[in-house]
Amino acid sequence: ETLGVIGFPFSKGQPRNGTEHGPNVLREAGIITSLQSLGVNVIDHGDIEIEVVLRDEPMKNVRNPRTVAAANKKLSDAVAKLVKMNQSVLALGGDHCMAIGSIHGHAQVEPNLVVVWVDAHADVNTPLTSVSGNIHGMPLSFLLKELEEFVPKVPGFEWCKPCLSVRDLVYIGLRDVDPAERLIIEKFGIHAYSMQEVDKYGIKEVVERALNQVDPSGVRPIHVSFDVDAMDPTLTPATGTPVSGGLSLRESFYLAEEISNTGRLSVLDIAEVNPLLSTEDKRKLTVINTTDVSTKFYGYRRQGNAPRDYELP
Ligand code: ARG
Ligand code: MN
Ligand code: MN
Ligand code: MN
């Protein structure tokens, strides 16, 4: 089993500079070496080269449409290529618009995938419902088949055909959902566990129900799109849209461990780390907690991991 790492140094899906440094601060924190010391065969494929698109006028209030589309097209191709080579993929963002390219690319090779979206936000605004105009709040609207008729043509996105069905998506961690997004969740019956349900049922029950709902027979490839703002801002303060009352470190670890235990994690996105938004201490905390959760997705167990192929001397 080989894990391919791709960096997506990008911030144009939202207004704040800094998420383009996400891949490198995570590498510097040792995300690759931690995975390697677990015995995972990791290949770092480096960063996607981001093209500058000149004259990228907004489409209605949607900002940087061509720039976001071009970068995500490249990410889609890179993810598809690695999945085709049978590699698992860890995609290091970058703002959460990265899910457009990452899920699209994954779906080109594994059309049967399911998506677990771990986030404070639903990121399912359409270009017509978004108040902010930031594409990181819209990625799912470009991917969901059932929303196709509600999404206008956005310049640059001609390549992006919807590839995911509403029933193959489940949310965990929601606590800042726009009214139009809630309407979409209810209209299409999208499986969603907000922090209210995490409080009510506990993370164990939530993860179990979530996985069971999207894939009762437990055979399909899993795409996890993990926005670090799903975690409480005391844990991951260096992010653009923090919302209080988030997942604890232990809830995050548990979720990652259970996904790992399925043996079916195929692609993991890590989005919205922004090292420029806080103090040195808070940046370090964010990066350490993000790295620690990431390693749990790949088999780092709190109960300990015995070395592979090693006899007691
Ligand atoms: N719902 C808001 C918007 O559409 C916030 C989205 C935040 N998304 C994120 N990936 N952090 O602008
Ligand atoms: Mn978010
Ligand atoms: Mn269902
Ligand atoms: Mn998000």
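No value in this document is a laboratory result; all are computed from the given coordinates. Just so you know, these numbers come straight off a predicted model, no measurement behind them. Don't worry about glycine lacking a Cβ; one is built from the backbone with ideal geometry, like all the others, and counts go over all protein chains shown.
Longest segment of the chain with no GluC sites (Glu not before Pro) in a DSSP loop having at most 14 other Cβ atoms within 10 Å? The longest such stretch corresponds to 159-310. When shorter helices are ignored and each DSSP H run of at least 4 residues is given -39500 (n - 2.57), the per-residue value for the chain at 222 nm works out to -11500 deg cm²/dmol.
Its Cα gyration tensor gives the stretch 121-278 an equivalent ellipsoid. The semi-axes, each the square root of 5 times an eigenvalue, are 24, 20, 15 Å from largest down.
Could you sort out which of 84/187; 200/296; 12/187; 74/284 sit more than 26 Å apart by Cα distance in this structure? Check vs 26 Å cut-off fails for 84/187; 12/187; 74/284. Contact order, relative form, for the chain: 21 percent (alpha carbon pairs under 8 Å, 6 or more residues apart, mean separation divided by residue count). Eigenvalues of the alpha-carbon gyration tensor of the stretch 59-165, scaled by 5 and square-rooted, set the equivalent ellipsoid semi-axes at 22, 14, 13 angstrom, largest first. At full extension, residue 132 and residue 55 could sit 25.7 nm farther apart than now, given 0.36 nm per residue minus the alpha carbon distance.
The relative contact order of the stretch 74-225, computed from alpha carbon pairs under 8 Å that lie at least 6 residues apart in sequence, is 26 percent. For the stretch 162-284, averaging the sequence separation of C-alpha pairs within contact (under 8 Å, six or more residues apart) and dividing by the residue count gives a relative contact order of 26 percent. A Cα-only calculation for the stretch 94-156 places Rg and Dmax at 11.6, 34 Å. With q set to 0.13, 0.14 Å⁻¹, the log10 of I(q)/I(0) for the chain, from the Debye formula over equal scatterers at the Cα positions, is -0.86, -1.02.
Spacing of the modelled spin labels on residue 150 and residue 284, each 7 Å from Cα toward Cβ, amounts to 4.5 nm.
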